[in-house]
């Protein structure tokens, strides 16, 4: 990769294709229409946001900002191996994924990414202290298409980027992605968060240019006007991604037979089970363990403590808040079983998570519990077009 032409090698005349339009003339397309039939070369940055908003809007409505940032972190990290091995066949689709998550995050947060990027780079572009010269900003008009943005960033940072390798640029991008996650975690001001998102976009364009990739063509080749997994123009999250892992939490008095009923049934339906050793959360270590397991799960199965254990809703509150944070709860992918009355717990769930319509199913013994879990997993499979781990007869 280091032998490839740097950004500075891009012909300066290429920038002349940038259209002279003011930012005031850019209107955000309707999310449900966008320009689905338009080729990648004429799609503006606003069009790309509208496109991904239409394709993934339903799916991302149920995701938290923290979850979406964590996915952006993952996508950037997935570029490391193909970049080190110089495998362009894997770099291109991974870079497209990074751009997609940038657009999806901007759309969810209702950020005008084009205006934000122009304000940051077109009006007051940051530069390194040892920069010798820079092109006058007045010679640029605001880019519109993604190709124009790529040429603009290339020209603007021609001097700095002539000393960069693609891996250097990726490391810088990873730093900004980490800063974005930190700022969001610390509840920093919206201007700080959005500024980092614009910087990540600029680094994405830079990496593409260093690798001599047309980012617009690269993204369009993978995503076109549909989700590449389910093939739908509006991604249906219920059928798009198969469930493979199940978070399991047992009550303190759950018998070995009942535990076996849960784990055996889950395995039969193709799930890997992630068992929480703490029935309820009593300390920070319990919470940390639960968060790690929940973060890696698609569905959850909880067996509650019975009423004679003096269990209360408060002991489980953080578990359910974590399930909500990682979007498992909002997708209705949680089954809750109780042996005994668990006084007050259904009321706690109804009051705290009323919009999720969570119910607690009573069971009498291990055989009854196994039948209930089978019914739940079969119903889940039908709902998701049988794309859970695998059917029992497979």
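What follows is calculated from the coordinates using simple rules that are stated; it is not laboratory data. Please read all numbers here as calculations on a predicted model, not as lab measurements. We place every Cβ from the backbone using ideal geometry, glycine too, and count neighbours over all the protein chains shown.
Extension gain for residue 368-residue 171 works out to 65.5 nm (0.36 nm per residue, less the C-alpha to C-alpha distance). Here the spin labels are modelled as points 7 Å beyond Cα on the Cα-Cβ line, and at residue 90 and residue 379 they lie 4.1 nm apart. Spacing of the modelled spin labels on residue 221 and residue 163, each 7 Å from Cα toward Cβ, amounts to 3.2 nm. Put in order of Cβ neighbour count within 10 Å, fewest first, the listed residues 290, 249 become 290, 249. Relative to the current alpha-carbon distance between residue 260 and residue 187, full extension at 0.36 nm per residue lengthens the span by 22.0 nm.
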